[in-house]
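Participant: My questions all concern the structure below.
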Amino acid sequence: MTATEPVSIAGAFEHPTREAPDKSTMQLHAEVAKGALEDAGLEKRDVDGYFTAGVPEYETGLSPLVMADYLGLDPSYTDTTDFGGSSYVAHVGHAASAIRDGRCDVALVTLAGRPRSRGQATGSGARELRTFQDSFERVYGATNVTMYGMAAQRHMHEYGTTSEQLAEIRVAASHHAQYNEHAMYREPVSVDDVVDSRMVADPLHLLDCCVVSDGGGALVVVSEDVRSKLDRDCVELLGFGEAIGHHDAGRIDVTTTAADRSGSRAFAEAGLGPEHVEYASIYDSFTVTVLEAIEDLGFCEKGEGGPFVEGGTLQAPDGDLPFNTDGGGLCSNHPANRGGMTKVIEAVRQLRREANPEVQVDADVALAHGTGGSLGTRHGAATVVLGREDR
Amino acid sequence: MTWEPRPVPDVTPETEPYWTAAGDGELLVRKCHDCGLVYHYPRSLCPDCFSEAVEWCETSGHGEIYSYSVARTMSGWPDEDLPLVLAYVELEAGPRIMSIVDADPSAVEIGTHVAVRFVDAADSTIAVPVFVPVTD
Ligand SMILES: [Zn+2]
């Protein structure tokens, strides 16, 4: 299983809005699709592959049909893989497979949503029962933030991780967000600011949690044939991996995520290791999501994430592992509660030298990692290793 | 303490014995005859070996806290239940089971010994297992 034909990301676009009360979700999808195609230098009629996890409002598997209709697409290949926020990282890998199989040449990936305008209580709201497992979980009032809280609590218990160490992750994100004019929260914060903020779900404070934002993003993934005709810096997909973590019949380990498998698969395909990664976009629904992913992706040993993030490791441009230089989901944007899209977009910006200048890293190899669902029950993980085309 | 307006479980043919046993004061788990796995939540096929030779087993209802979190605020949930201690309880029988610990948060730590209690649901033939701290 080797990735032979090169596949590249030619277009990336993040919607600048964080609150869209007067727009529909479909409209946002269309705006990001247009933005990403313009970025790539391609036309809508070039698109022959379409990837989306759907329109959150509809909660229906039919939403790809709704979106293809609305966008006026005629794809020969469609993929609607949905495991939450990691889906959009997975779509990049799935698009590469479809392109290498000859099913399409120009794959458009779109995400949009309006949880902020819809007043959705995303992290701390009780939810109606929808899945089979909810009768054993949500029936108790389990919320997203309490489930991540359980992960953080156990990590602290087993490894001595502290709230101050988790706070370092927010501090780095906020340091980057001050340079992003679109970020929701641009004020740099200190470790004390984080640990002094209101406790939401022990041991997670308000500032351990990501923003709730409207918006969206899109990517255009292309074959080598298409790339060679574009007058555009492209980013090559060097490796991809995905995995699922779950309750495991009652043996759940909330200190470890499926990033241990998605990451090793992506690195194996790339023929690279964590030591080659010069910039990392890591899904940051909560600070603990980042901490566990850093360990599971192999940037440090299991349990050593706390000491690893101390001392500015994650801060661009000088830290050893600069991460989420747009401010990430913690400070900038978490469109439709599905931040995997923005993780890929910022990695592309970094490799194309289009990040905000104060946080631009001289990286030839970058990683983007998505975590979808919940660490406390079930989650998807998807990892891409990306490289500059002239690396 | 009334259960409403909290959600009630969706009782299916596959899970009905679990919920009705809870209504009778018993916490059940599933055990596979072929591979020996004791598992939760209930499923009709063993999730390790896909055997159909699985049976219901009574548990002691005792266990210890594997991890927990305390919801300090929560929209769509009765205020009188807050703060709410959500936990994974590792049962003596083996599996880790998500539940509530009905206690002051200061009485809960990882490793705290707990025992099951049952809260009646709106349909009084079933009940929902929760846990309370116990001293050894
Ligand atoms: Zn079995």
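Here is a yes/no grid of residues against (1) aliphatic (A, V, I, L, M); (2) modelled with pLDDT of 95 or more; (3) buried (at least 23 other Cβ atoms within 10 Å of the Cβ):
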{"residue": "A:THR81", "(1), (2), (3)": "no, no, no"}
{"residue": "A:ARG114", "(1), (2), (3)": "no, no, yes"}
{"residue": "A:ASN144", "(1), (2), (3)": "no, no, yes"}
{"residue": "A:MET147", "(1), (2), (3)": "yes, yes, yes"}
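Participant: Further, regarding this structure: Can you confirm whether region A:79-89 contains a residue that is without any contact (Cβ under 8 Å) to a residue 12 or more places away in the chain and closer than 30 Å to B:TYR18 by Cβ? Give the derivation first.
Facilitator: Our first condition is that a residue be without any contact (Cβ under 8 Å) to a residue 12 or more places away in the chain; within region A:79-89, this holds for none.
Scanning region A:79-89, I find no residue that is without any contact (Cβ under 8 Å) to a residue 12 or more places away in the chain and closer than 30 Å to B:TYR18 by Cβ, so the answer is no.
Participant: Residues that are under 17 Å from A:GLU137 (Cα atoms), more than 7 Å from chain A (Cβ to nearest Cβ) and within 16 Å of the ligand (Cβ to nearest atom): does region B:48-61 have at least one? Lay out the reasoning, then the answer.
Facilitator: Let us first name the residues in region B:48-61 that are under 17 Å from A:GLU137 (Cα atoms), namely none.
No - not one qualifying residue is present in region B:48-61.
Participant: Another question, if that's okay. All but one of (1) more than 20 Å from the chain's Cα centre (by Cα); (2) surrounded by fewer than 22 Cβ atoms within 10 Å (Cβ to Cβ); (3) assigned to a helix (DSSP H, G or I) hold for A:ARG127, so report the exception by its number.
Facilitator: So A:ARG127 meets the others, but not (3).
Participant: If a residue counts only when it is surrounded by 17 or more Cβ atoms within 10 Å (Cβ to Cβ) and in contact with a strand residue (DSSP E or B) (Cβ under 8 Å, 6 or more places away or on another chain), which strands (runs of 3 or more DSSP E) contained entirely in region B:22-136 have at least 2 such residues? Outline the logic, then answer.
Facilitator: On the way: elements: B:28-32, B:54-58, B:62-71, B:84-91, B:96-100, B:113-120, B:127-133.
Where strands (runs of 3 or more DSSP E) fall fully within region B:22-136 and carry at least 2 residues being surrounded by 17 or more Cβ atoms within 10 Å (Cβ to Cβ) and in contact with a strand residue (DSSP E or B) (Cβ under 8 Å, 6 or more places away or on another chain), they are B:28-32, B:62-71, B:84-91, B:96-100, B:113-120, B:127-133.
Participant: For region A:118-158, which residues satisfy the criterion of being in contact with a Leu (Cβ under 8 Å, 6 or more places away or on another chain), more than 18 Å from B:LEU82 (Cβ to Cβ) and facing chain B (nearest Cβ under 7 Å)?
Facilitator: Selection gives A:SER135 alone.
Participant: List the pairs whose first member sits in region A:252-274 and is more than 14 Å from every other protein chain (Cβ to nearest Cβ) and under 30 Å from B:TYR66 (Cβ atoms), whose second member is among the small types (Gly, Ala, Ser) and in a helix (DSSP H, G or I), and whose Cβ atoms are under 7 Å apart, counting only residues at least 6 apart or on separate chains?
Facilitator: Within 7 Å, the pairs are A:THR257/A:ALA293; A:ALA259/A:ALA293.
Participant: Same structure, new question: Working only within region B:25-47, note down all residues that are within 14 Å of the ligand (Cβ to nearest atom) and acidic (Asp, Glu).
Facilitator: B:ASP34
Participant: Inspect all residues belonging to region B:100-122 and state whether any of them is in contact with a His (Cβ under 6 Å, 6 or more places away or on another chain), within 16 Å of the ligand (Cβ to nearest atom) and more than 8 Å from chain A (Cβ to nearest Cβ).
Facilitator: no
Participant: Still on this structure, I have one more. Of the residues A:ASP233, A:ASP202, A:ASP208, A:ASP193, which single one is surrounded by fewer than 24 Cβ atoms within 10 Å (Cβ to Cβ), of a type outside the set (S, T, N, Q) and within 14 Å of chain B (Cβ to nearest Cβ)? Give the steps one after another, and end with the answer.
Facilitator: On the way: A:ASP233 fails: within 14 Å of chain B (Cβ to nearest Cβ); A:ASP208 fails: surrounded by fewer than 24 Cβ atoms within 10 Å (Cβ to Cβ); A:ASP193 fails: within 14 Å of chain B (Cβ to nearest Cβ).
Result of the check over A:ASP233, A:ASP202, A:ASP208, A:ASP193: A:ASP202.
Participant: Taking only region B:62-80 into account, find how many residues are more than 7 Å from every other protein chain (Cβ to nearest Cβ) and at pLDDT below 95.
Facilitator: Within region B:62-80, residues that are more than 7 Å from every other protein chain (Cβ to nearest Cβ) and at pLDDT below 95 number 3.
Participant: Continuing with this model, one more query. Taking the residues in region A:269-306 that are among the hydroxyl-bearing types (Ser, Thr, Tyr) and assigned to a helix (DSSP H, G or I) as candidates, determine which candidate is farthest from A:GLU389 (Cα to Cα).
Facilitator: Of the residues in region A:269-306, the ones among the hydroxyl-bearing types (Ser, Thr, Tyr) are A:279, A:281, A:283, A:285, A:287, A:289.
Those left that are additionally assigned to a helix (DSSP H, G or I): A:287, A:289.
On the way: A:THR287: 32, A:THR289: 30 Å.
It comes out as A:THR287.
Participant: Report whether or not B:ARG6 is within 14 Å of the ligand (Cβ to nearest atom), in contact (Cβ under 8 Å) with a residue 24 or more places away in the chain, within 11 Å of chain A (Cβ to nearest Cβ) and not in a helix (DSSP H, G or I).
Facilitator: Working: within 14 Å of the ligand (Cβ to nearest atom): no; in contact (Cβ under 8 Å) with a residue 24 or more places away in the chain: yes; within 11 Å of chain A (Cβ to nearest Cβ): yes; not in a helix (DSSP H, G or I): yes.
It is false that B:ARG6 is within 14 Å of the ligand (Cβ to nearest atom), in contact (Cβ under 8 Å) with a residue 24 or more places away in the chain, within 11 Å of chain A (Cβ to nearest Cβ) and not in a helix (DSSP H, G or I).
The values are calculated or read from the model by the stated rules, or taken from the named source; none is laboratory data. Because the structure is a prediction, the values reported are computed rather than measured. Here the Cβ is made from the backbone with ideal geometry for all residues, glycine too, and neighbour counts use every protein chain on show.
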